[in-house]
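One structure is given here, and the rest of the page talks about it.
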Amino acid sequence: MAATSKPKLSKNLMRMKFMQRGLDAETKKQLEEEEKKIISEEHWYLDLPELKEKESFIIEEQSFMLCEDLLYGRMSFRGFNPEIEKLMVQMNAKHKEEDVEDVTMEVDVSDEEMARRYESLVGTIGKKFAKKRDRAQYDEDENGNIKPVKAKKTFLKPQE
Amino acid sequence: MAAAPIPGSGPRVARTMLGQVVLPGEELLLPESAGPGAEGSAEQTLRLGSVVRPRARVVCGPGLRRCGDRLLVTKCGRLRHKEPGGGGGGGGGVYWVDSQQKRYVPVKGDHVIGIVTAKSGDLFKVDVGGSEPASLSYLAFEGATKRNRPNVQVGDLIYGQFVVANKDMEPEMVCIDSNGRANGMGVIGQDGLLFKVTLGLIRKLLAPECEIIQEIGKLYPLEIVFGMNGRIWVKARTIQQTLILANVLEACEHMTTEQRKQIFSRLSES
């Protein structure tokens, strides 16, 4: 009686790691397949037709700013609030930035001024690198420009 | 060109409707999407004749709504259009409805004047005239840090910008731009007078070639702030001047050019 019906171990028990050593190849395969089936069944998905998002050629935009090129909302007139007046120019210039910008770039420093700066720069930088003893040789003329003065050092006789 | 069909008899081509009154619920056809059903107009057939041009992106502004591929009108007013180029996104230009209304609906990017109604923790509640007060973080001011709180009291006026504004969420304001600079936003100074006008008047006054503003600027030294939510704040040297300005601004919505010129000349004399 005991020989005919050998008690079968449950599936869950057979799936455990330590029970797998004693299994033969076939039952191993069977168990694996069953496991896969269970996993795939547990994955759930919505039974919907595939969503197709068509590219839209209409863009929604609820702001009037884009439509009407409105000005900046803060204003000041006749010097009531100079800060705001400066801001007004800056904010309202944004519309025409392309043509405004290169004009202001030129106005910043004129060529003549640039040339004048560099002219006096020679003396100024020269003074910086000169030694303390030589520094006295650089002298400011009436225009404020610094020029090296070539004066030979001679002995001055003390007067009595 | 064939006569325009009666309203409600079916979609009409947007391009033929420019400057005309449209009603909520109407459907508009864009030249690109106008199919065989709109072959009545000569312009349309011409367009279809030279088909192969790429479909341009069209921006639908306030008063219009996209519904799938259709373009629906949601506000009553005149249909306007701006040709593409010059900042306006999209190759097909911008369509919008020029409507008259008093109720403000927050829109992302709009500059508005709000009144601080409550201070709660690290948020200010700001009344902007919409269906719901907007929230404003105390960190959204220029130079504000956790330790250095901005000096904002209940009742102060705030000039700010919406960063979040949609129909499902609480609107959110800031007083700095993307670079962290105030650019004129923040608490509006002391005194002055706040009053409300229609939203249409604000747009009229802020239009780049608005004569009213240019004339007002010659009148007195003054400071003025326009909020897209229909609020205007003015301040002049004296209370009397401030009141005159407020009255003129309110009245000029329904004045003809002659009437306005008359009033301005009378004011500049006195």
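The values are calculated or read from the model by the stated rules, or taken from the named source; none is laboratory data. Just so it is clear, the structure is predicted and the values come from calculations on it, not from any experiment. Neighbour counts are summed over all protein chains in view; Cβ atoms, including those assigned to glycine, are modelled from backbone coordinates with ideal geometry. Surface accessibility is based on the protein's heavy atoms, side chains included, excluding ligands, DNA and RNA. Shrake-Rupley method; radii C 1.70, N 1.55, O 1.52, S 1.80 Å.
Structural remarks
- Some residue of the stretch B:197-210 being open to solvent by less than 10 Å² (accessible area, probe 1.4 Å), touching a strand residue (DSSP E or B) at 6+ places or on another chain (Cβ under 9 Å) and in a loop (DSSP other than H, G, I, E, B): no
- Apart from one condition, residue B:167 fits all of (1) open to solvent by 40 Å² or more (accessible area, probe 1.4 Å); (2) within 14 Å of residue B:116 (Cα to Cα); (3) within 13 Å of chain A (Cβ to nearest Cβ); the exception is (2).
- Residue match in the stretch A:67-85 (condition: open to solvent by 60 Å² or more (accessible area, probe 1.4 Å), closer than 30 Å to residue B:82 by Cα and modelled with pLDDT under 85): no
- Helices (runs of 4 or more DSSP H) contained in the stretch A:7-84 and holding at least 1 residues within 14 Å of chain B (Cβ to nearest Cβ): A:64-68
- When the stretch A:37-57 is filtered for residues that are modelled with pLDDT under 80 and among the aliphatic types (A, V, I, L, M), the ones remaining, listed by number, are A:46, A:48, A:51.
- Index of the failed condition, residue B:218 passing every other in (1) over 19 Å from the mean Cα position of the chain (by Cα); (2) within 16 Å of residue B:136 (Cα to Cα); (3) in contact (Cβ under 8 Å) with a residue 40 or more places away in the chain: (2)
- Scanning the stretch B:201-230 for residues that are closer than 22 Å to residue B:115 by Cβ and at the interface with chain A (Cβ under 10 Å from one of its Cβ atoms) yields B:202, B:203, B:205, B:206, B:222, B:223, B:224, B:225, B:226, B:227, B:228.
One line per residue, one yes/no per condition, for (1) within 14 Å of chain A (Cβ to nearest Cβ); (2) of a type outside the set (A, V, I, L, M, F, W, C):
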residue: B:112; (1), (2): yes, no
residue: B:124; (1), (2): no, no
residue: B:130; (1), (2): yes, yes
residue: B:155; (1), (2): no, yes
residue: B:163; (1), (2): yes, no
residue: B:192; (1), (2): yes, yes
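- Annotation note: of B:73, B:59, the sole residue that is within 14 Å of chain A (Cβ to nearest Cβ), in contact with a strand residue (DSSP E or B) (Cβ under 8 Å, 6 or more places away or on another chain), touching a residue at least 40 places away in the same chain (Cβ under 8 Å) and not acidic (Asp, Glu) is B:73.
- Of all residues in the stretch B:185-196, those satisfying the criterion of being among the small types (Gly, Ala, Ser) and in a loop (DSSP other than H, G, I, E, B) are B:189, B:192.
- Some residue of the stretch B:244-262 being touching a strand residue (DSSP E or B) at 6+ places or on another chain (Cβ under 6 Å) and of a type in the set (Ser, Thr, Tyr): no
- Checking each residue in the stretch B:170-184 for being part of a loop (DSSP other than H, G, I, E, B) and open to solvent by less than 20 Å² (accessible area, probe 1.4 Å) picks out B:171, B:175, B:182, B:184.
- Of the residues making up the stretch B:95-110, those that are in contact with a helix residue (DSSP H, G or I) (Cβ under 9 Å, 6 or more places away or on another chain), of a type outside the set (A, V, I, L, M, F, W, C) and facing chain A (nearest Cβ under 9 Å) are B:95, B:98, B:109, B:110.
- Residue B:160 passes every criterion in (1) under 30 Å from residue B:100 (Cβ atoms); (2) open to solvent by 20 Å² or more (accessible area, probe 1.4 Å); (3) of a type in the set (Gly, Ala, Ser) apart from (2).
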